[in-house]
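Asker: Okay, here's the structure, questions in a sec.
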Amino acid sequence: MSENSPATSSPSLTEVETYGVERIPDADRTASPLDLFRVAFGGANTFSTCVLGAFPILFGLSFWQGLAATLLGVVVGALILCPMAMFGPVNGTNNAVASSAHLGVHGRVVGSFLSLLTAVAFFSISVWSSGDALVGGAHRLFGLEQNDLSYVVAYALFGCLVLAVCVYGFRFMLFVNKIAVTSATLLFLLGAIAFAGDFDPSYAGAFTASADSATQALFWPSFIGSALIVLSNPVSFGAFLGDWSRYIPANTPRRKVVGAAFLSQIATLLPFVFGLATASIIAAKAPKYVDPAAPDFVGGLLAISPSWFFLPVCLLALIGGMSTGTTSLYGTGLDFSSVFPKLSRVQATILVGVLSIAFIFIGRFGFNLVQSISTFATMIITCTTPWMVVMMLGFYTRRGWYDPDALQVFNRRQRGGRYWFTHGWNWRGMTAWWVGAVVGVLFTNIPGQFVGPLGDLANGIDISLPLSLAVAAVLYLAMLRLFPEPRAVYGPEGPRLARTIDVPVPPITGPGTESEGTPAALAVEGG
């Protein structure tokens, strides 16, 4: 086949993507690690990331303390996230489908559910923060009234634009993010010039030498809490990396794919530090906007901005909202079509998009969800991280070997295959996931927002994430040793760190076939 044949040429931007979560054919996998970098970085190079970057100042840290917490959160989060990029090239499908190998044919719905919640949370943060910035900038620039109608129009504009991009699919989303990476980066650098005169790196925060002992005792809880909120941003991409990396050829060196995912999050230090630095200026010049009881980062940013920066603020809001919204919504619509196979990818994307936009309006005008969305996002990450641990350890123990056909059993509404386990559930991976998630929630301690029943056992320090990571990892590896998986789920080289048992593989059957329900189809672990 020649290089210029139609089978190997990339589809046009305006061609609606037809692939759902089925394995992408090799001929159509033309993306590169650089494309993965652009999408992952573009999705975080936005105002919503700046809002998360402001939290160290809201928690009372100095600029330098906040910078240390931000660096810790970004680097650790990037290290946790980057291995999740490998599943897409290996299997040609998204991460929720790939999780069938470790949670079972039916257990893969856990990944779909987590990605749906994550997408709604971060899509909401993106639309709210970008919409507020657009309305505020237009008010200062053109005198636009800041009333409910203005916010409704701004949110609807973002929501509909994002939905349109997601309907067209991966290629259009990649095009949007190529523009967003460059333009948003330039606007952030322009912002650094705008605020350079007001920025004072010696901003001291609340934990000064003269602070009383009660305040000093809150330093480590505030520091760890800030780092965890920052860390939630890179980890939030865990369920979505496969949505984009599935278009990368399988023979691409894994170090390049993992490296692209890691560097995409390291690059987010740009919006994080922008949010941190401007929050320290707001705290010094307009402290009412960083009151932990009612923070308003966007309002504070506009209050301290020079007039010439109002238009760049509007542009940054529009570009950033589009970028983050598409990366959040695209993958969820894609995966939703596999959970409900009667819906095409386009139909599922529209349905999820409409529901997400409705949530945005209800949360903004019906309830006070805007201030609690960061807590909601952090709780989702606490539940998602143990799932990622199971996936990554499963990849390691399987030596990266998978059966692509058996991964699609759920999507085709069939039964059997290598990953059927017990009635379609692999209780080893499921147990490690839910126990790790429950432990994480119990030990969560977000100052001023949410404290779990055991959150104060470490003197107010939030140890939820490292504890849930450790519990999920130890429990999953112990399960693989004590309760071996079938030999058939491992490749020709056999397992790492695990034992196996030899049992028959149930044939893949579908409704109405003669072999459905035969003893051979029920031979694995009582399935």
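The values are calculated or read from the model by the stated rules, or taken from the named source; none is laboratory data. Here the structure is a predicted model, which is why all the values come from computation and not from measurement. Here Cβ is always computed from backbone atoms with ideal geometry, including for glycine, and neighbour counts include all displayed protein chains. Surface accessibility is based on the protein's heavy atoms, side chains included, excluding ligands, DNA and RNA. Shrake-Rupley method; radii C 1.70, N 1.55, O 1.52, S 1.80 Å.
Asker: Hey, what D do you get for region 56-144 in µm²/s if you plug the Kirkwood alpha-carbon radius into Stokes-Einstein at 20 °C and 1.002 mPa s?
Answerer: 128 µm²/s
Asker: I've got another one for you. Considering only protein heavy atoms, with the full assembly of protein chains and a 1.4 angstrom probe, order THR431, THR182 by accessible area, largest first.
Answerer: Sorted descending by solvent-accessible area, the residues read THR182, THR431.
Asker: On to the next question. For TRP427, TRP308, TRP128, give me the order by solvent-accessible area with a 1.4 Å probe, most accessible first, ignoring ligands, DNA and RNA.
Answerer: Sorted descending by solvent-accessible area, the residues read TRP308, TRP427, TRP128.
Asker: Something else now. Could you tell me what fraction of 2.2 N^0.38 Å the Cα radius of gyration of region 128-270 comes to, as a two-decimal ratio?
Answerer: 1.42
Asker: May I pose another question? Mean 1/r over all different Cα pairs, inverted: what Kirkwood radius does region 392-478 give, in Å?
Answerer: Evaluated on region 392-478, it is 15.1 Å.
Asker: How much of the calculated P(r) for the chain lies past 41 Å, in percent of all Cα pairs?
Answerer: Result: 22 percent of Cα pairs exceed 41 Å.
Asker: Against the 2.2 N^0.38 Å scaling, with N counting residues, where does region 343-458 land? I'd like the Cα-based Rg ratio to two decimal places.
Answerer: 1.41
Asker: As a test of reading the structure, rank VAL230, VAL503, VAL181, VAL354 by solvent-accessible area (1.4 Å probe, protein chains only), most first.
Answerer: So, going from the largest accessible area down, we get VAL354, VAL503, VAL181, VAL230.
Asker: What number, rounded to the nearest 500 deg cm²/dmol, is the helix-based mean residue ellipticity at 222 nm of the chain, given -39500 (n - 2.57) per DSSP H run of at least four residues and division by all its residues?
Answerer: Calculated from helices alone, the mean residue ellipticity at 222 nm is -19000 deg cm²/dmol.
Asker: With all protein chains present, calculate the accessible area of CYS160 using a 1.4 Å probe and round the result to the nearest 10 Å².
Answerer: So the heavy atoms of CYS160 present about 80 Å² to solvent.
Asker: Relative to the compact-globule scaling 2.2 N^0.38 Å, provide the ratio for the alpha-carbon radius of gyration of region 200-348.
Answerer: 1.39
Asker: Continuing with the same structure: Which FRET efficiency value, to the nearest 0.05, is calculated for PHE340 and LEU144 with the Förster distance at 41 angstrom and r the Cβ-Cβ distance?
Answerer: Taking R0 as 41 Å, the efficiency between PHE340 and LEU144 is 0.50.
Asker: Please list, or write none, the lysines whose alpha carbon is within less than 28 Å of the alpha carbon of LYS178, excluding same-chain residues fewer than 8 places away.
Answerer: Candidates past the 8-residue exclusion: LYS256.
Asker: Sticking to Cα atoms, compute the Rg of region 253-305 to one decimal and its Dmax as the biggest Cα-Cα distance, whole number, in Å.
Answerer: 16.2, 51
Asker: Using a Förster radius of 25 Å, what is the FRET efficiency between ALA164 and LEU263 based on their Cβ-Cβ separation? Nearest 0.05, please.
Answerer: In this case the efficiency is close to 0.25.
Asker: Additional query: By how many degrees, between 0 and 90 and to the nearest 10, does the Cα long axis of helix 254-266 differ from the longest principal axis of the chain?
Answerer: Tilt relative to the chain: about 20 degrees.
Asker: Can you tell me the FRET efficiency between LEU482 and LEU454 if r is taken as the Cβ-Cβ distance and R0 is 22 Å, rounded to the nearest 0.05?
Answerer: That pair, LEU482 with LEU454, gives E of 0.25.
Asker: Give the cross-link partners of LYS288 among the lysines, using a straight C-alpha distance below 20 Å as the criterion and excluding same-chain residues fewer than 8 apart.
Answerer: Filter leaves no residues.
Asker: Okay, next question. Give me D for region 93-143 in µm² s⁻¹, whole number, from Stokes-Einstein with Rh from the Kirkwood sum over alpha-carbon pairs, 10 °C and 1.306 mPa s.
Answerer: 120 µm²/s
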